[in-house]
Amino acid sequence: MAEDRAHGTEPAGAGASARYLGGKAGTPGQGPFMALALKVEDGRVKEAFFTTYACPSAAACGRWLCEWLKGRTLDDAAAVTMEEIAAGVGGLPLGKEETAVLAVNALREALNNG
């Protein structure tokens, strides 16, 4: 019984300094879309996650950005460009450049929501 009360007042995994930021770009079901979620602690990105739909180029940009963000400051995150993302994935096919823009826009919205 006392153990149950402790879970309510001192939940495991609760971190006072952690905050979560989220952003998205595009509209699901209406063309390119990306959502990004960041776990931030002490001014640095500790974890990053993305969601996109059925586009290998968008998935590559989201995956690269999430890996790149880990351990970076929020100032570093704010400075990343679509060109850096495109270069990071080894280039994007002609006509798919907007997938790097989606990743940057989702990141910008997440940072602005924080």
When LEU111, LEU102 are ranked with the fewest other C-beta atoms within 10 Å first, the list becomes LEU111, LEU102
Between TYR20 and GLU97, the FRET efficiency computed from the C-beta separation at R0 = 35 Å comes out, to the nearest 0.05, as 0.75
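Can you tell me, using C-alpha contacts under 8 Å and at least 6 residues apart, the relative contact order of the chain as a whole percent?
Dividing the mean separation by the residue count of the chain yields 30 percent.
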PRE zone check, label point 7 Å out along Cα-to-Cβ of ASP75, amide N under 15 Å, scope the stretch 28-65, hits 43-45
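Read-outs throughout are calculated quantities, based only on the coordinates presented, and are distinct from any laboratory measurement. On a predicted model such as this, the values are computed, not experimentally measured, just so you know. Cβ: placed from backbone, ideal geometry, glycine included. Neighbour counts: every protein chain shown.
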